[in-house]
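Remarks on the structure that follows.
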Amino acid sequence: MKKILEQVKKWLVEAKAGKEIPDADLTAGLVLTSEAVAEFLETEEGKKLLQPRLDSFFTKGLNTWKEKSFPELLEAEIKKRFPGETAEQKQIRELQMKQTESDRKAARAELKNKAIEYLTAKKLPLDLIDNFIADDENATTANLTKFEKFWTEKLQAEVDVIFKKNGRGPEKGSGGVGGEQTLNEALTERYKNT
């Protein structure tokens, strides 16, 4: 770049002096060579021109590295600093999980037995027992109490419908053993005390 400036100054001086400069001399100094470009890039002006481009290339390369290589390196470093479970730790964890599951099953079986006792004492059907067992005894008892109330109300409603249809007195029923009135009386007596 300095050479070009010196050449231009020389031509200006010669032009001022009245000398004629051939065209070949004008273009000879203006041809860019790799050495001239490298020389220009070493100057402050060249660095100002080149630095933003270098920064963008560096940023792009860094982002690519972060996306592709960094996660693997990070994972390797984490494994190095915090090694995984040993065989004994894994076995202990599995035994603890089995013990917890066993305890849960035992607690559920105990709750089921208590629920069976409750339903049997109240003379309620056992078919739906699994639907009422909860995580603890209080919740299970609450569920069974709700079921008992629902069952009793529905049963009473059905008995009332039958009584309204056929009457309550023995003279209105079909009478005799196994008749409708005998069935109603048996149902009423069975569920009256519950």
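Values for this structure:
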item: Selected residue [within 28 Å of the chain's Cα centre (by Cα) and modelled with pLDDT under 80] from Gly84, Gly18; result: Gly84
item: Pairs where the first residue, in the stretch 120-135, is on the phi < 0 side of the Ramachandran plot and the second is acidic (Asp, Glu) and surrounded by 11 or more Cβ atoms within 10 Å (Cβ to Cβ), C-beta under 9 Å, 6+ apart; result: Lys122/Glu148; Leu124/Glu148
item: Residues satisfying the stated conditions in the stretch 111-125, i.e. part of a helix (DSSP H, G or I) and among the basic types (Lys, Arg); result: Lys112, Lys114
item: Qualifying residue in the stretch 94-107 (condition: surrounded by 13 or more Cβ atoms within 10 Å (Cβ to Cβ), modelled with pLDDT of 90 or more and more than 33 Å from the chain's Cα centre (by Cα)); result: no
item: For Lys90: the one exception among (1) more than 30 Å from Asp135 (Cα to Cα); (2) among the basic types (Lys, Arg); (3) at pLDDT below 90; result: (1)
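The values are calculated or read from the model by the stated rules, or taken from the named source; none is laboratory data. Just so you know, these numbers come straight off a predicted model, no measurement behind them. Glycine also receives a Cβ, built like all others from the backbone with ideal geometry; neighbour counts cover every protein chain displayed.
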